[in-house]
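Okay, so here's the structure we're looking at.
The values are calculated or read from the model by the stated rules, or taken from the named source; none is laboratory data. Keep in mind the model is a prediction, meaning the values are calculated, not measured. All Cβ positions, even for glycine, are placed from backbone atoms using ideal geometry, and neighbour counts span all protein chains on display.
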């Protein structure tokens, strides 16, 4: 256990024995009148700690002088810095020295902290310290469209803006103004490019085969994860709206895919 004085001097009192007692002194008022009505006035409180410290027998006199010098000083008493409740800033209410047989004596201290409230300095950390309430607020992600995006200081000039009438070379990337995202091919290696070429060279003899090629085309040219998932056959809510937002090419591909797969299902049923 140690004490830090207001002038930053550290006094080592010695090792603490087990059985530290922790409590508070509550200065709130609770009064009950003759009709049984209780009125509570909330006020501050002070923490109180009782501790027993082992002291070398030869250091009893010096410890008594140190504690006497702290009798009217608000010092910081650190019993165990691993626990906030065992660090108290305040005064000791009293102490007693047990002059046991050498080589060890014992000092019993009762420390009462300065008056405080439950309030604390909240820095908005995540999570709040020691399960305390925090002012931290989490913002849920939202889709930002042109109506919500009033201004930006980041230019969207990484790639050309998508043009429905333009013809792009294999591997080209563009920016979709509707979604403010970069769209481009899903391949990054020569092997991936060769796989795509093989798929496009393959002859689809059925509507399902053509639909599969169109699904791969939608997957390869979409920059949206939900559209990519839908192109691969996953059930995506509001897929129609997402396709329309992605542009005329995606909408045309998706319409053709649905028509071809409906045709395949009709032929299978016949």
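One line per residue, one yes/no per condition, for (1) loosely packed, with under 13 Cβ neighbours inside 10 Å; (2) at pLDDT 90 or above; (3) in contact with a strand residue (DSSP E or B) (Cβ under 9 Å, 6 or more places away or on another chain):
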| position | (1), (2), (3) |
| --- | --- |
| 30 | yes, yes, yes |
| 43 | yes, no, yes |
| 51 | no, yes, yes |
| 60 | no, no, yes |
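Looking only at residues in the range 99-112 that are farther than 19 Å from residue 12 by Cβ and at pLDDT below 90, the one that is surrounded by the fewest Cβ atoms within 10 Å (Cβ to Cβ) is 101. Here the condition is being over 24 Å from residue 117 (Cα atoms) and in contact with a strand residue (DSSP E or B) (Cβ under 6 Å, 6 or more places away or on another chain); of 98, 34, it holds for 98 alone. Just one of the listed residues (25, 88, 73) is part of a loop (DSSP other than H, G, I, E, B) and within 15 Å of residue 113 (Cβ to Cβ), namely 73. For the range 213-231, the tally of residues that are part of a helix (DSSP H, G or I), crowded, with 18+ Cβ neighbours inside 10 Å, modelled with pLDDT under 80 and under 33 Å from the mean Cα position of the chain (by Cα) stands at 1. Checking residue 79 against (1) farther than 18 Å from residue 2 by Cα; (2) modelled with pLDDT of 90 or more; (3) touching a helix residue (DSSP H, G or I) at 6+ places or on another chain (Cβ under 6 Å), only one condition comes out false. Which one? So the condition that residue 79 fails would be (1). Filter the range 113-132 down to the residues that are surrounded by fewer than 10 Cβ atoms within 10 Å (Cβ to Cβ) and either closer than 30 Å to residue 21 by Cα or modelled with pLDDT of 75 or more (or both) and list them by number. Within the range 113-132, 117, 118, 119, 121, 127, 130, 131 qualify. Within the range 161-171, one or more residues are touching a strand residue (DSSP E or B) at 6+ places or on another chain (Cβ under 6 Å), modelled with pLDDT of 70 or more and surrounded by 10 or more Cβ atoms within 10 Å (Cβ to Cβ). Checking 68, 72 one by one, the residue that is within 45 Å of the chain's Cα centre (by Cα), closer than 16 Å to residue 4 by Cα and surrounded by fewer than 16 Cβ atoms within 10 Å (Cβ to Cβ) is 72 and no other. Each residue in the range 252-270 was checked for being within 20 Å of residue 163 (Cβ to Cβ) and buried (at least 17 other Cβ atoms within 10 Å of the Cβ), and 2 of them qualify. Restricting the range 7-26 to residues that are out of contact with any strand residue (DSSP E or B) (no Cβ under 6 Å at 6 or more places or on another chain) and either loosely packed, with under 10 Cβ neighbours inside 10 Å or modelled with pLDDT under 90 (or both) leaves a set whose member that is farthest from residue 53 (Cα to Cα) is 7. Could you list, in sequence order, the residues of the range 232-250 that are in contact (Cβ under 8 Å) with a residue 24 or more places away in the chain and part of a helix (DSSP H, G or I)? Of everything in the range 232-250, those that are in contact (Cβ under 8 Å) with a residue 24 or more places away in the chain and part of a helix (DSSP H, G or I) turn out to be 245, 246, 248, 249, 250. The single condition among (1) outside any loop (DSSP other than H, G, I, E, B); (2) surrounded by 16 or more Cβ atoms within 10 Å (Cβ to Cβ); (3) at pLDDT below 75 that residue 210 does not satisfy is (3).
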